[in-house]
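The values are calculated or read from the model by the stated rules, or taken from the named source; none is laboratory data. Because the structure is a prediction, the values reported are computed rather than measured. FYI the Cβ positions are ideal-geometry reconstructions off the backbone, even for glycines, and counts take in every protein chain you see.
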């Protein structure tokens, strides 16, 4: 199982994809040069923290994608609908319509730059 999130902490890995294994080891990928294919995924969100951020408190880690497998730079992406997470705009994962999709499962999610798409 892996946890994937966009790293916004200042430093050398700022604005990179962070992939963490269950043991906590993390690897970082530059979204300008690397595409990710996440397989058997679930969108996770800490609602208490995200509500506080939505109401104006400082950002902190509160959302990620859990997945069973990751492929780096897959040959082809079948990108369909964008999914996003910004607790300043909405305290939950959103699809293109703005609907709350927290805890939804997807067979595949693809990264393209700093964005995620349902596959």
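Summary table below
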quantity: For residue 92: the one exception among (1) modelled with pLDDT under 95; (2) surrounded by 11 or more Cβ atoms within 10 Å (Cβ to Cβ); (3) part of a loop (DSSP other than H, G, I, E, B); calculated: (1)
quantity: Selection count where residues are over 12 Å from the mean Cα position of the chain (by Cα) and either loosely packed, with under 15 Cβ neighbours inside 10 Å or in contact (Cβ under 8 Å) with a residue 60 or more places away in the chain (or both), scope the range 52-73; calculated: 12
quantity: Given (1) assigned to a loop (DSSP other than H, G, I, E, B); (2) touching a strand residue (DSSP E or B) at 6+ places or on another chain (Cβ under 9 Å), index of the condition residue 17 fails; calculated: (1)
